[in-house]
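Participant: Here it is: the structure, laid out below.
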Amino acid sequence: MNSVTRKVLWLPLLAAMFLTGCGTISTIGKLEDGAGAEASKMWDKWIEADGDIAVATTWSRKVAPGVTVKDIEETFVAVAAERNMKGVGELPLSQELEARTGVKQKFLKVYSFCSPSTARMMVDFSPAMGAYLPCRLTVVEQADGLWIYTLNMDMMVKMGRKLPSPLKEEAWKVRETIYQMMDRAAKGAF
């Protein structure tokens with residue numbers, strides 16, 4: 001998609017901003033610095049993905065050839081331990097589907113991690129953030145191999161209302177931990 005088309009797609013959003021007037025201007029003043037640039041990146045991903053909101057709001061990494069599920073899981077655990085995150089659950093979906101159907105499934109498993117103190121601070125700041133808890137990474141087997149997906153945590157730390165200290169610093173640590181878990185596991189970098 002060319003830049004002219006992208007700019008034309010922004011017109012309805014700009015029109016809405018002008019129509020809402022002072023409320024929009026007041027809200028913009030409460031956002032993290034750079035929130036507009038981050039929203040623009042997400043918008044571009046949404047357009048490039050033909051409106052697939054999941055693509056726009058997640059990070060993904062293709063797992064390097066030769067890296068196994070066991071390698072990925074060991075990396076998740078190692079990075080979590082290095083950064084004081086707690087594994088709080090696993091959901092082995094492909095295993096469950098195999099048990100229900102008797103049919104071999106492509107690998108699909110969700111891994112959950114949390115920093116309880118940061119979670120508490122976040123929901124005290126915005127109870128709706130509870131919907132994003134705990135942090136999750138999902139390993140998905142596709143035709144071209146394994147992939148790791150997780151929520152784009154920049155939405156929380158770069159796009160929303162300004163986070164007060166020490167919440168901002170703690171949220172950033174969680175963001176970095178999840179990013180490192182995904183990135184290092186995809187490379188098989190224990």
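Participant: What is the spin-label model distance, in nm, from Lys162 to Phe107 if the labels are put 7 Å beyond Cα along the C-beta direction?
Facilitator: 4.5 nm
Participant: Also: With a ≥ b ≥ c taken as the square roots of the eigenvalues of the C-alpha gyration tensor of the stretch 76-139, please select rounded if a/c is under 1.5 and otherwise prolate if a/b is larger than b/c or oblate if it is not?
Facilitator: Judged from the Cα gyration tensor, the stretch 76-139 comes out oblate (a/c at least 1.5, b/c at or above a/b).
Participant: What FRET efficiency comes out for Glu176 versus Arg100 if R0 is 30 angstrom and r is the Cβ-Cβ distance? Round to the nearest 0.05. Display every interim value, and only then the final one.
Facilitator: Working: r = 37 Å, r/R0 = 1.25.
According to the calculation, E is roughly 0.20.
Participant: Taking amide H atoms as placed 1.01 Å from N in the peptide plane, list the residues 5 or more away in sequence, or in a different chain, whose amide H sits under 5 Å from that of Thr58.
Facilitator: Asn152
Participant: Lys173: which lysines have alpha carbons under 19 Å from its alpha carbon, excluding same-chain residues fewer than 8 sequence positions away?
Facilitator: The reachable lysines, counting only those whose Cα sits under 19 Å from Lys173, are Lys86, Lys158, Lys162.
Participant: Further, regarding this structure: Could you report the accessible area of Val110 in Å², rounded to 10, computed with a 1.4 Å probe on the protein chains as they sit in the structure?
Facilitator: Using a 1.4 Å probe on the heavy atoms, I get roughly 20 Å².
Participant: Give the ranking of Asp124, Asp144 by solvent-accessible surface, highest area first, calculated with a 1.4 Å probe.
Facilitator: Highest to lowest solvent-accessible surface, that is Asp124, Asp144.
Participant: Next question, about the same structure. Which residues does a label at Ala64 reach in the stretch 153-190, if reach means a backbone N under 13 Å from a point 7 Å past the Cα toward the Cβ?
Facilitator: Of the residues in the stretch 153-190, 183-190 have backbone N under 13 Å from the label point off Ala64.
Participant: Here's a follow-up. Rank these by accessible area, largest first, 1.4 Å probe: Thr101, Thr57. Let's see the in-between values first.
Facilitator: On the way: Thr101 80, Thr57 30 Å².
Per-residue accessible area, sorted high to low, gives Thr101, Thr57.
Participant: Something else now. Is the shape of the stretch 143-184 best called rounded, prolate or oblate, per the rule: a/c under 1.5 gives rounded, else a/b larger than b/c gives prolate, else oblate, with a ≥ b ≥ c the square roots of the Cα gyration tensor eigenvalues?
Facilitator: oblate
Participant: For the stretch 176-190, just list the computed ³J(HN,Hα) in residue order, Karplus coefficients 6.51, -1.76 and 1.60, θ = phi - 60°, integers in Hz, with x standing in for Gly and Pro.
Facilitator: Values per residue, Gly and Pro as x: 5, 5, 5, 4, 5, 4, 5, 5, 5, 5, 5, 8, x, 8, 5 Hz.
Participant: If I take every Cα pair under 8 Å that is 6 or more residues apart in the stretch 60-109, average their sequence separation and divide by the length, what percent do I get for the relative contact order?
Facilitator: With pairs under 8 Å counted, the relative contact order is 24 percent.
Participant: Distance from a point 7 Å along Cα→Cβ of Asp44 to each backbone N in the stretch 159-177: keep the residues under 17 Å and list them by number.
Facilitator: 159
Participant: Now a separate question. Any idea of the accessible area per residue across the stretch 30-163, 1.4 Å probe, to the nearest Å²?
Facilitator: That works out to 56 Å² for each residue.
The values are calculated or read from the model by the stated rules, or taken from the named source; none is laboratory data. No experiment lies behind these values; they were computed from the predicted model shown. No Cβ is skipped: glycine too gets one built from the backbone with ideal geometry, and neighbour counts run over all protein chains shown. Protein only, heavy atoms only, side chains kept; ligands, DNA and RNA dropped before computing areas. Shrake-Rupley method; radii C 1.70, N 1.55, O 1.52, S 1.80 Å.
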